[in-house]
1. Would you confirm, using the coordinates I've provided, whether residue 66 is within 16 Å of the ligand (Cβ to nearest atom) and within 18 Å of residue 153 (Cβ to Cβ)?
2. Looking only at segment 8-58, count how many residues are surrounded by fewer than 10 Cβ atoms within 10 Å (Cβ to Cβ), more than 14 Å from the ligand (Cβ to nearest atom) and modelled with pLDDT of 90 or more.
3. Could you tell me whether residue 81 is loosely packed, with under 12 Cβ neighbours inside 10 Å, within 16 Å of the ligand (Cβ to nearest atom) and modelled with pLDDT of 95 or more?
4. What residue, of 63, 154, is closer than 12 Å to residue 40 by Cα and in contact with a helix residue (DSSP H, G or I) (Cβ under 7 Å, 6 or more places away or on another chain)?
5. Residues that are surrounded by fewer than 18 Cβ atoms within 10 Å (Cβ to Cβ) and more than 13 Å from the ligand (Cβ to nearest atom): list the strands (runs of 3 or more DSSP E) wholly contained in segment 84-154 that include at least 3 such residues.
6. If you check residue 61 against the conditions, is it more than 16 Å from residue 150 (Cα to Cα) and within 16 Å of the ligand (Cβ to nearest atom)?
Ligand SMILES: [Ca+2]
């Protein structure tokens with residue numbers, strides 16, 4: 001009898017604790033928003049030689065945290081200078097990420113190319129913006145040299 005009541009007490013405690021464990025990630029997800037900026041490699045690894053592979057070592061991830069696919073055509077990425085990348089037709093699935101590389105290349109599943117011949121994201125400090133086709137800003141993320149080349153904008 002004594003053991004049984006202890007088990008009952010543990011189960012009751014678990015039942016109370018479980019919703020609290022669920023609530024924590026849900027709060028984090030709400031903070032991240034739906035479609036948003038993810039990791040940014042604003043300082044290409046190694047020396048900035050300006051080669052196409054070095055330019056493509058600089059990238060921004062856009063993550064779809066919604067439950068449905070989103071057509072990104074007309075969405076924009078913009079830096080502090082005003083350089084702008086406009087997405088062509090690209091459907092990003094629910095929970096998926098698309099990597100936007102600065103240089104030239106052929107787009108594929110999970111990655112697209114800005115097509116620039118120069119870096120876009122400043123190594124010292126800059127701010128990435130994700131803008132809807134309507135022109136309203138969906139997300140932004142800034143960094144300084146303290147971030148050591150990579151910024152997690154989640
Ligand atoms: Ca850079």
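The values are calculated or read from the model by the stated rules, or taken from the named source; none is laboratory data. No experiment lies behind these values; they were computed from the predicted model shown. With ideal geometry, Cβ positions are generated from the backbone for all residues, glycine too; neighbour counts draw on all protein chains shown.
1. It is false that residue 66 is within 16 Å of the ligand (Cβ to nearest atom) and within 18 Å of residue 153 (Cβ to Cβ).
2. Qualifying residue count for the region: 0.
3. Considered against the rule, which asks whether it is loosely packed, with under 12 Cβ neighbours inside 10 Å, within 16 Å of the ligand (Cβ to nearest atom) and modelled with pLDDT of 95 or more, residue 81 comes out as yes.
4. None of the others qualify; the one that does is 154.
5. Answer list for segment 84-154: 137-144.
6. For residue 61, the condition - more than 16 Å from residue 150 (Cα to Cα) and within 16 Å of the ligand (Cβ to nearest atom) - is not met.
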